[in-house]
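Have a look at the structure below before the remarks.
The values are calculated or read from the model by the stated rules, or taken from the named source; none is laboratory data. Quick caveat, the model's predicted, so the values are computed rather than measured. Here Cβ is always computed from backbone atoms with ideal geometry, including for glycine, and neighbour counts include all displayed protein chains. Heads up: the accessible areas ignore ligands, DNA and RNA and are worked out on the full protein's heavy atoms, side chains in. Shrake-Rupley method; radii C 1.70, N 1.55, O 1.52, S 1.80 Å.
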Amino acid sequence: MRKRLAGILSGLLAAVFILSLFPVSAVSYEGAPEVGSTAAVVYNLGAEEALYTKNLDGRLDPATFTKLMTALLAFEYRAKNGNVTVTVTEEMLSAAGGTSMRLKVGEVIPFDSLLAGLVVQNANDAALVIASTVGGNIMSFVEQMNAKAKQLGMNNTYYANPTGVDSAAMFTTMRDILTLCKALYRVNDFMLLAENPKISIPATNLSIQRAYTNKNALVPYSYVTDYYMEGVRGMIAGYTPRAGYCVATVREHNGNKNLVIVSGGVDRSEQKNGTDISSYREAKALMEWAEANFGIRRVMEQGTVATEQKVRLASGVDHMILVTGEGLEKLLPLNADLAKDVTSKVRVEQEVFTAPIIEGTTYGNLDVYYRGELIGTLPLVAKSNIGLSRWLVAWDAVESFFSQGPARVILIMVICAVVFYIISLIVVVIVQYNRRNREKKQAIKEMMQIEDQRLKKVRQEERKANQARMRKMRSALRAGFRVLQGESEADPQVQSGKKKPAPSKAVAKVPEKYRNSNRAVQPAANASRRPAGAQTSARRSERPSAKNGAPQRKPEVYRTGRPSRPSSQSTVGSSRPAGKAPQNSGAVRPNGRAAQKNNARPAVRAPQNKNAPRPVRRDPRNGPTTGKK
C-alpha cells in the first residue's frame, strides 16, 4: 500500500513539474461555443492568458503549422543576409507536391518572393527552396527546425520535413503550436505579409508576374466571404489528410489581441450544400465569443496600500507602509465583480524590518487572485523613507550584549545587588523614622510632665495665696467682732440682760482690697475721735427703740458673713473736718447705716423677691458666681 501511494505521489509531482514548464494554463471559461475540431485554443496576446483550451497537450500532426517553423527560420536568415537571389535547382524541387507557386528549375528569384509564396500562397515548392537555401540542404534545415523547437521550449514536437506533408515520424501538441505562433507574432515582417489578402510576385527570368490570394479564409479577399472578419491578420491555414483542416489567425479589434488556433477541422460542404469548413467556422465563433465576454480590466493600481509592517530602530515611527510598485491589468470577464472576485495575499521577506527604510525599495510581493486562481504578482515597495534612531541603536547594542550568557549572569547579579541595597536602605529609613518618632514622643511626654508639675506648683501657690487671704479676712472679721463685742459689753442694758448684744455683723476694719470709698464703714476712726463711753451712749441714744413705736430692724448679713454695705446716707466718707463727729449723731448703727435725724423713722428694707437673682459673689478660684448652688 505504501509503495502504491509513493508511486501515485511521484506521478503527481512529475506531472506538476512538467506543467510548470509550460506558459499556458489549461483553463476553459464557461459559455464558450462548442468546438468539434480535434484541438483548439484562444489566447489573448495582450494579457498573455489563455481564454479557452481544448486538448492542449494531446499529440497532433504538425501539418500546415510546420511551415510556421520554416517561416521563422527564413525570416531570421533574411534579417542576417538580406534579400538574396536564389537559383532554383532540380534537387530543390525533387520532393515538391501539393500547393505550389509553379517554380521552375533554373529560375532566378528573390528571397522575398519565396517568403511571399510561403506565407500567403502556402506553397510547398517555396518551402523546399527556402530550406535548401537556409540550411544548405533539406535534411540540415530539418535539423535546424528541431533545434529551434527545443530552443523555444517545444519539447513535444518533432519535424521530418519543412513542408508539413503527412509523415508518421512528425508530431506536436497544441501547446507547442501556440508557442510557435507567439514567437512569429513578434516578427513584424511576417505579420505584415500574412495579413495581405492578395500579393503579386515580380516577373523572373522564366516567369511573368504572378499574383496569389491568401489561403486563410478569415482574411478578406474577393471570392470567399463566408468567414470574413475585420481586423484578422493571418497567420496560416491549410489541409492534410491526416491532420484535417487547420487554421491559426490573429485579430486585433477594440483593443483586444486574440490568437485562435484550431486543428483537426472537417469539411461539411456537401452536407450543407455550401462551404462549411469547421476549422474556420469554429475559429470565428471562438474569436467573437472572446471579444464579447473578455476585456482588459484594471485589477490593481500602482501605489495601492497593501499592508503595514513593523520597523525596529526607527526614528519617530514603529511601522512602514508597503504599496504596490506597479499596476496590474488582466484580461477578465467583462461582467466580473472585481471587488468580490479579486483577492490578494501579502508575502514579505520578514515580519519585522530594521531601519533605515528607503522609499521605493522592494520588501515583499503581493499575489493577486481571481476566483482563487493566481493572475499576477506585484512588488511591494516602501511608501516613504524612515530614518534610523541612534538612541535605539545604542539600546539595541546593549540588549544584544546582555542577551549573551555571561553578560546575562552579570546583569542578574547587578540587579540583585541593587534590589538588596534598595531594600536595606528602606529598612534603615524605616528604623530611623521609628526611632525619631519614639524620641519625639518621649520628649513630648517629658514636656507634658514638666508642664503638669509647673501647673501643679502654680495651683499650689494660688491655693496658698487664697488660704493666706482667707486667713487675713478671718482675722479682720474676728477683730471687728471683738470690737463690736467690746461695745456691747460697755452697754448697761446688755450687762443687765435687758438687751442682747448686737450681732457681730459690723466690720470694724475691712481689708484694703474690699474697701469702697463711698460705702466703707470706719467705726474705728470715729471711735478714736471721742471717748468710748460717749460713743456707746451716742449709739444708744440714736438707736430707735421699740418704745417709740418704730420697729427695730435686724442687721443684714451676707452669706459670706460680711456686714451689709452702708447706704449712700452713711457718714462714712462724707466731707467733714478730721477729728470731729458728724453733726447729727456721729454714731454708727450696728447694721452699718448712719442714724437718721431726730424723731425720724428709720429706713426699712423692702422685701426681696425670692425669684430675683441672688447677689453675685466672687470665688477667688473660679471667678464670679451666683449665690445659688
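At-a-glance table
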{"quantity": "Euclidean distance between Cα centres, region 425-455 to region 170-213, Å", "calculated": "119"}
{"quantity": "Value in Å of the Kirkwood radius, where region 55-204 supplies the Cα pairs that are averaged", "calculated": "15.4"}
{"quantity": "Burial order of peptide ranges 83-96, 254-267 (average beta-carbon count within 10 Å, highest first)", "calculated": "254-267, 83-96"}
{"quantity": "Protection proxy ranking, peptides 278-287, 424-433, 101-110, average beta carbon neighbours within 10 Å, highest first", "calculated": "278-287, 101-110, 424-433"}
{"quantity": "Residue-normalised accessible area of region 91-239, given per residue in Å² at a 1.4 Å probe", "calculated": "40"}
{"quantity": "Amide H contacts under 5 Å for Asn385, placed H, 5+ residues apart", "calculated": "Glu359"}
{"quantity": "Accessible area of region 258-346 divided out per residue, in Å², using a probe of 1.4 angstrom", "calculated": "50"}
{"quantity": "Of Lys148/Lys330; Lys150/Lys182; Lys67/Lys215, pairs whose Cα-Cα distance is over 24 Å", "calculated": "Lys148/Lys330"}
{"quantity": "Mean Cβ count within 10 Å, highest first, over the residues of peptides 416-423, 343-350", "calculated": "343-350, 416-423"}
{"quantity": "Whether region 60-112 is rounded, prolate or oblate, judged on the alpha carbon gyration tensor where a/c under 1.5 counts as rounded", "calculated": "oblate"}
{"quantity": "Of Lys54/Lys284; Lys257/Lys340; Lys198/Lys284, those spanning more than 18 Å from alpha-carbon to alpha-carbon", "calculated": "Lys257/Lys340; Lys198/Lys284"}
{"quantity": "Carbon plus sulfur fraction of accessible area for region 320-475, probe 1.4 Å, in percent", "calculated": "60"}
{"quantity": "Accessible area per residue, Å², region 364-405 with all protein chains present, probe 1.4 Å", "calculated": "59"}
{"quantity": "Accessible surface of region 57-129, 1.4 Å probe, proportion on carbon and sulfur as whole %", "calculated": "46"}
{"quantity": "Karplus (6.51, -1.76, 1.60) ³J(HN,Hα), θ = phi - 60°, over region 367-378, in Hz, Gly and Pro reported as x", "calculated": "8, 10, 10, 10, 6, x, 9, 5, 10, x, 10, 10"}
